[in-house]
Amino acid sequence: MRRPLRTAYSVVGLALSVAALSCLLSFGQGYEASLHKEVDGMGMQMMLVPLGCPYDAAARVLKGKTLDTWLPQNALSEARADKSVLIAAPIFTAVVPRPEEGRTDMWVGIDESTRALKPWWKMTDGSHWFTGPDSVILGSEAAAIEMRKPGDKFYSPESGTRLTVAGVLQRSGTSDDSQFFVPLQTAQSMFHQDGKLTAVAIRLRDPSDMADASDRLQQVRGAQVVTLTEMMGAFLNLLGSAKTLMMAITLVAVVISSLSVFNTMMASVMERTQELGILRAVGMSRSATFGLMIIEALLLTSTGGLIGFLLSLVAGPSVQDRIRPFVPLAPESGALPLTSAAVFECLALLLVVGAVVGTYPAWRASRLAPAIALRAE
């Protein structure tokens, strides 16, 4: 408290590094959980996508984004003819930017096989499956934005199509919530891509046949196979590489802020030489003096950590918004919460930092001879 500015610099530096570290840890843990939920929500084991980068194509399909290329007409029929395939569901996606409203609509063309692929889909009261080619099913968020319910009329000005809301899906926490689902042929006609597909989602009769089925489907002209297991592994490896780099930078910041705390503790010991010497002269043991300085170091790091956690709660959403565009299949909206695992890891690090940076100053303080203080008096 005698040097509040110096102490504040040390605490704030540590707080900023802890805030960055806790945000990165929480985002990494939340992203992995979100990825598993998103992929599990697709209800498939593999996907046929157009030639190109398979993982980029699969990520775009899972998020309902359009591709620059299309699957050939025969891809669906060949997939359905394979002996290992139980369900082959066609997918057509189209993205409609609406910059004046600050949003992008995602239209997805599907057919009856999607119901078999996603039997857990639940609809709100009064909802039905497609009642005709001019019907649309809205995700929960899309229905809330458009303020529509089953039976309402719906107009798409971009395609000039008039539709009727057949149903509204209950919230699932996946990208389905923000999408507009229409019959496959209707979607192709709306966006002038008759007969074209974005992808084919596949569920196998027996998952153990995946290798053989993948080899056979790889022969479909103009198409390539990507399994969800491979895709998830690729995305997690990508996240791991980026996370390692960001963690290294953040840990360097933690080390630098720890050196600031160390400097503060050393200066504190030097400035209080007389006081510490007098305490030793009136009977304070070396271990008690050592413990006093260690407690002070832990108080400094704990204060910095507490402020850092508060900063991560306040600034975390904006940090995640900056990271999200660079990570495939990251949640589109909503901040990933500060996880208990991230808090625990940061607290453990703070305790280690406090003990390490406080050890030498505490040892110096405990070695002060009482005669030093008496001679100074």
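Tabulated values for the structure
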quantity	calculated
For Gln45, residues with placed amide H under 5 Å, excluding near neighbours	Ile202, Arg203, Leu204
Antiparallel bridges, percent of DSSP beta bridges restricted to the range 72-221 (to nearest 5)	70
Under Karplus coefficients 6.51, -1.76 and 1.60, residue-wise ³J(HN,Hα) of the range 115-132 in Hz, glycine/proline x	5, 6, 6, 10, x, 7, 4, 10, 10, 6, 4, x, 8, 9, 6, 3, 9, x
Arg103 long-range amide H proximity, modeled H, under 5 Å	Arg98
Listed peptides 112-119, 161-168 by packing density, highest first (mean Cβ within 10 Å)	161-168, 112-119
Among 354-365, 339-350, 260-271, the order from most to least packed when residues are scored by Cβ within 10 Å on average	354-365, 260-271, 339-350
Amide H contacts under 5 Å for Leu163, placed H, 5+ residues apart	Phe154, Tyr155, Ser156
Local electrostatic count, Ala144, Cβ distance below 11 Å [Lys/Arg +1, Asp/Glu -1]	0
Relative contact order, percent, the range 97-191 [alpha-carbon distance under 8 Å, six or more residues apart]	39
Computed Kirkwood radius, in angstrom, where 1/r is averaged over Cα pairs of the range 70-165	15.5
Whole-Hz ³J(HN,Hα) from phi, Karplus 6.51 cos²θ - 1.76 cosθ + 1.60, for the range 338-355, glycine and proline x	5, 7, 5, 5, 5, 4, 4, 5, 5, 5, 4, 5, 5, 5, 5, 4, x, 5
Neighbour net charge for Asp215 - beta-carbon separation under 11 angstrom, K R +1, D E -1	-2
Counted charge near Ser366, where neighbours are those whose Cβ lies closer than 10 Å (Asp, Glu -1; Lys, Arg +1)	+4
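Since every read-out is calculated from the coordinates, none of them should be taken as a lab result. Predicted model only: the values in this text are computed from it and were never measured. Heads up, the Cβs are rebuilt from the backbone with ideal geometry, glycines too, and the neighbour counts pull from every protein chain shown.
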